[in-house]
C-alpha cells in the first residue's frame, strides 16, 4: 500500500474504514481493531473467564460487526461494538445456563465459576503496589448484579454516554442512570475505607 | 434544594456531556454538588483502564475467519456452476430447435416424396403415350402383349 493511501486511511472515519475493508483493503480492518481494542477488550475481559475466552469473544464481536455492517447506522462504532458484545455475552450465558452452575468447579483447580467471576481476590502484588485501590474497586465491582456491573464498566472502561449505554442495554436513559447510581452506592458501602482515601487523594 | 439522588444523576450526566446548560447552572448553584463531584471524579481516576489487550494475532484471525466464511458462502456457487452451465446449454439447444428455419429433416423428406410423385406421374404418362403409339402402329392389341 502506498504511503498516501495509508495516511488517508489513518485520517478516515470508521464508516470509510469499514467500506475500505469491504473493498478488499485488509489494512483498514487492522486500523479499526487497533483503534478500539483497549476499551472493547477491557470490557469483554471483565465478563469473560480469562484471557483466551475474552480473545474468542473479542474476535467474534468483530466478525459479527463486519458481517452485519450493512446494519451499521449509528455514528459511534464503539457503541455498536459494545452492543454486539452485550448480545453475544447474553447468548453465551443463556447457552451455558443448563450445564454450568455457579457452584460447580469450572476447572481442574476446583475453583467454582462464581468465585472466579465474582471474588477476584487481590494478589500480594496488588496489595502493595500503587494499583491496590484500583484493584479493590475492580474486585468490589465484580460483586455487583450483572446489569449494574455492565453499566459501570460501559461507563468507566468504554467511556460510553448514558444515551449509548441505554442503547446497548435496550433500556431508557433513566434506567441506565439508576443502575449506575445503584452500582456507585454499593461500591461506596463496600469500599467505605477506600472512599476516604479516594477523597483525600482526589 | 436538590435531592442527593438528583444531584448524583445530574453529575453523572454532566460528566458525559449530556446535561443541559440550564440544569448545569442549577447544579453548580447547589452547595452539595461540589463534594459529590469531587468524590465521583476521584473514583473515576482510581478506576484505571484495564491493561488487558487482545492477542497480537487477533486481527489476522478475524480476517481469516471472515475470509473463510466468505469462501463457504461462495462454495455452493462453485458446486452449482457446472449444473448451471449444463442447464444453459440445454436451454440454448431447445431454443435453437424451436427457431430453426423449415429446412428440417422432416420438411426435406416431404419435398423429396413430392418430387418422386411428380417424376412417377410423368413416367406413367410417357408410358401410356408410348403404348398408344405402338397400338396405333400395330393395330392388333395381342401383338403388343406378345411384344
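The values are calculated or read from the model by the stated rules, or taken from the named source; none is laboratory data. This structure is a prediction, so every number in the text was calculated from the model and none was measured. Glycine gets a Cβ as well: all are built from the backbone with ideal geometry, and neighbour counts include every protein chain shown.
A few notes on this one:
- Residue in region A:76-96 that is part of a loop (DSSP other than H, G, I, E, B), at pLDDT below 75 and assigned by TED's automatic domain parsing to the domain that holds residue A:42 present: no
This table checks each residue for (1) touching a residue at least 12 places away in the same chain (Cβ under 8 Å); (2) more than 7 Å from every other protein chain (Cβ to nearest Cβ); (3) over 58 Å from the mean Cα position of the chain (by Cα).
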| residue | (1), (2), (3) |
| --- | --- |
| B:14 | yes, yes, no |
| B:32 | yes, yes, yes |
| B:43 | no, no, no |
| B:51 | no, yes, no |
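- In the condition set (1) modelled with pLDDT of 90 or more; (2) within 11 Å of chain A (Cβ to nearest Cβ); (3) part of a helix (DSSP H, G or I); (4) buried (at least 18 other Cβ atoms within 10 Å of the Cβ), residue B:5 is compliant with all but (4).
- Residue, surrounded by the most Cβ atoms within 10 Å (Cβ to Cβ), within region B:16-30, restricted to residues that are within 14 Å of chain A (Cβ to nearest Cβ) and part of a loop (DSSP other than H, G, I, E, B): B:19
- Among the residues making up region A:31-54, a single one is over 19 Å from residue A:18 (Cβ atoms), assigned to a helix (DSSP H, G or I) and more than 10 Å from every other protein chain (Cβ to nearest Cβ): A:53.
- Some residue of region B:64-77 being more than 10 Å from every other protein chain (Cβ to nearest Cβ), over 30 Å from residue A:57 (Cα atoms) and at pLDDT below 90: yes
- With respect to the conditions (1) surrounded by 16 or more Cβ atoms within 10 Å (Cβ to Cβ); (2) within 12 Å of another protein chain (Cβ to nearest Cβ); (3) in contact (Cβ under 8 Å) with a residue 24 or more places away in the chain, residue B:61 falls short on a single one, namely (3).
- Qualifying residue in region A:79-87 (condition: surrounded by fewer than 15 Cβ atoms within 10 Å (Cβ to Cβ) and either closer than 26 Å to residue A:137 by Cα or within 14 Å of another protein chain (Cβ to nearest Cβ) (or both)): yes
- Single condition residue A:110 does not satisfy, out of (1) surrounded by 11 or more Cβ atoms within 10 Å (Cβ to Cβ); (2) farther than 20 Å from residue A:144 by Cβ; (3) at pLDDT below 85: (1)
- Only one of the numbered conditions (1) surrounded by fewer than 20 Cβ atoms within 10 Å (Cβ to Cβ); (2) over 22 Å from residue A:45 (Cα atoms) is violated by residue A:170, and that is (2).
- Residues that are at negative phi, at pLDDT below 80 and away from chain B (no Cβ under 14 Å) do not occur anywhere in region A:188-200.
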